[in-house]
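A quick write-up on the structure given underneath.
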Amino acid sequence: MKPAEAILRLEVLPASRLSRLAGDGQSSVLGGACFSRPALPLDAGDLPFLAVDMSLPAGEEAICEVWHSAEPLQSGRHGPIRYRQSETLLFGSVSLDEVARDARSPLQATTEAAYASIFELLEARGYHALRFWNYFPAINQESHHKERYRQFNIGRQDAFLAHGRSVIGNVPAACALGSAGGGLQIAFLAARTNVISVENPRQVSAYHYPSQYGPRSPTFSRAGLVKLGGRDMLFISGTASIVGHQTLHDGDVAAQTRECLHNIAAIVAEAKRQAPDADFRLDALAYKVYVRHPEDMATVRREMAQIIGGLVSAIFLQADVCRADLLVEIEASGGHAIGPGLTGI
Ligand code: 3EB
C-alpha cells in the first residue's frame, strides 16, 4: 500500500520538521507525540500532540511520532482534550497539571478526571478506545503513602468503573511510563469499529495481577486488534520482562530485552489466532523502546537487532518503567503503513 493512501500511517520524524506538517489546514495528520529533554514548545497548531519531557539516546535530535490518515479529518476540543477525527478513527491528547481536588492524591484525582473527559468524548462521538499512552513524572516515587504508579492505577480504574466500563477482559491496550517532568500526559487512539483485546498466554492478564502490585490492578490489555479499511491492525501495549505476574532477570537488561521480545512474539501469535488473515511479522512492526538507564541503550539495541534484524522502525527513549526492577519496556504496532523513512535499530 502506498503510504499516502493509507487509512493509518505512522511517520517518525525530527521535531524540527513537525511545524511544516502541522501548518497546513488540510493536513493528513491525526496527531502524535514528540519526545525531548526538556519538552519542546510544540508548534502543532490545533492538532492533538503531546510534548513529552523524555530523554533520547545521547546525540539524538528531538523526535516525533506522527499518525496520519488519508481520510478527511476534523479537529475539535472537549474540555482539556484536543482531538482529530475521521469517519474511522479519533486521536486525542490531554496534558493536565496535577492538582489536588479533594482527599485523593493529586495524581489519582487528575488521572480520574482525564479519563472521565476522554470517555465522555468517546461516548459522545461513538468511538471505541483502542490504545492509550500514559506519561507522568516520578512514576516509581512514593507520595500520599503510595507509589505514584499505584495512584495512577486507582484513578484510571475508578474512571472506567464510573463510566460503566468493564475493568477486565475487553479493555484497551496501553503503556504507562515515567517522564522527566511536566504533568499527566495522555494520548489515545480510538476506532469506530469494535476492538478485540488480545492477552498473552505467558502472562497473567494485568487486570488480574495480585494485590502485591497495588490495591487496584492496572486496566489494560496486552494488545488491541482492529480492522480498519479492510486491514487488521495490532497495537501492542508496553511489554516488559514479566512472565506469569513476576519480573524476570532482575538486573540483567539483555535478558530482560529478550524476554520482552519473547512476550511480543507470543502476543503476535495470539493476535494471528484471533485474526487468521493478518500478516503481522516481528520484523514489520514499528517499535518504541523505553530504557531505564541510558548506559543500557546499546545493549538493548544489540539484543533487538540480533532477534528481529536491523531494518525495523524503532524509537529509543530513556524513561522510568512502572516497576522498579524493570529495566526496559517495548511497545509495538503493525498492520498500518509505516514511513516514509525508517529509524533502524
Ligand atoms: C506490565 O506488563 C508492565 O499500566 O498501562 C505495561 C503496559 C505496563 C501498560 C499500564 C503498564 C501499563 O505490567 C507495565
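The values are calculated or read from the model by the stated rules, or taken from the named source; none is laboratory data. Keep in mind the model is a prediction, meaning the values are calculated, not measured. No Cβ is skipped: glycine too gets one built from the backbone with ideal geometry, and neighbour counts run over all protein chains shown. Each accessible area value is taken on the protein alone, full model and side chains, heavy atoms only, with ligands, DNA and RNA left out. Shrake-Rupley method; radii C 1.70, N 1.55, O 1.52, S 1.80 Å.
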Practice prompt. Determine the share of the chain's accessible area contributed by carbon and sulfur atoms, expressed in whole percent, with a 1.4 angstrom probe.
Written response: 49 percent
Worksheet entry | Computed label-point distance, nm, for sites Asp283 and Ala138 using a 7 Å Cα→Cβ extension | 4.6 nm
Practice prompt. Could you please report the charge total around Pro172, scoring K, R as +1 and D, E as -1 over all other residues with beta-carbon less than 12 angstrom from its beta-carbon?
Written response: +4
Worksheet entry | Largest-first principal axis extents, alpha carbons of the chain, Å | 49, 48, 42
Worksheet, complete the sentence: Residues other than Gly182 with Cβ under 15 Å of its Cβ, Lys/Arg counted +1 and Asp/Glu -1, net out at -2
Response to the item:
Per the rule of 0.36 nm per residue minus the C-alpha distance, extending Arg77 to Arg192 adds in nm 39.6 nm
Worksheet item: Using a 1.4 Å probe, how large is the accessible area of Ile168, given in Å² and rounded to the nearest 10?
Response: 80 Å²
Worksheet item: Counting every Cα pair in region 198-345, what percent are over 20 Å apart?
Response: 47 percent
Fill in: Antiparallel DSSP beta bridges within region 15-126, percent to nearest 5
75 percent
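Report the full-extension gain for the segment Ser16 to Ala265: residue separation times 0.36 nm, less the Cα-Cα distance, to one decimal in nm.
86.2 nm
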Discussion item. Please flag any cysteine in the chain that has no other cysteine's Cβ under 4.7 angstrom from its own Cβ.
Written reply: Cys175, Cys260, Cys322
Discussion item. Name the residue from Ser27, Leu50, Ala159 whose Cα lies farthest towards the positive end of the charge dipole of region 3-338, charges +1 on Cβ of Lys and Arg and -1 on Cβ of Asp and Glu.
Written reply: Ala159
Worksheet item: What FRET efficiency do you get for Ala162 and Val99 if R0 is 22 Å and r is their Cβ-Cβ distance, rounded to the nearest 0.05?
Response: 0.70
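Taking Cα atoms of region 147-260, Rg/Rh with Kirkwood Rh, to two decimals?
Value, to two decimals: 0.97.
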Response to the item:
Here region 20-108 gives, from Cα atoms, an Rg and Dmax in Å of 15.1, 46
Fill in: Pairwise label distance in nanometres, Ala58 with Gln246, each label 7 Å out on the Cα-Cβ vector
3.6 nm
Discussion item. Need one number: % antiparallel among DSSP beta bridges in the chain, to the nearest 5.
Written reply: 75 percent
Discussion item. Applying a 10 Å radius around every beta-carbon, put 27-33, 124-130 in order of their mean neighbour count, most first.
Written reply: 27-33, 124-130
Worksheet item: Quick one: what Rg and Dmax do you get for region 68-200 from the alpha carbons, in Å?
Response: 14.8, 48
Discussion item. Using alpha carbons only, how many angstrom separate the centre of region 276-318 from the centre of region 204-261?
Written reply: 15 Å
Worksheet, complete the sentence: Expressed in nanometres to one decimal, the distance between label points 7 Å along Cα→Cβ at His293 and His208 is 3.4 nm
Worksheet, complete the sentence: Computed over the chain, protein heavy atoms only, probe 1.4 angstrom, the accessible area per residue in square angstrom equals 38 Å²
Discussion item. Below 8 Å between Cα atoms, with a sequence gap of 6+, how large is the relative contact order for region 3-338 in percent?
Written reply: 17 percent
Worksheet item: In square angstrom, rounded to the nearest 10, how much accessible surface does Arg323 have for a 1.4 Å probe?
Response: 30 Å²
Worksheet, complete the sentence: The set of residues whose placed amide H lies less than 5 Å from the amide H of Ala62, leaving out same-chain residues fewer than 5 positions away, is Ala15
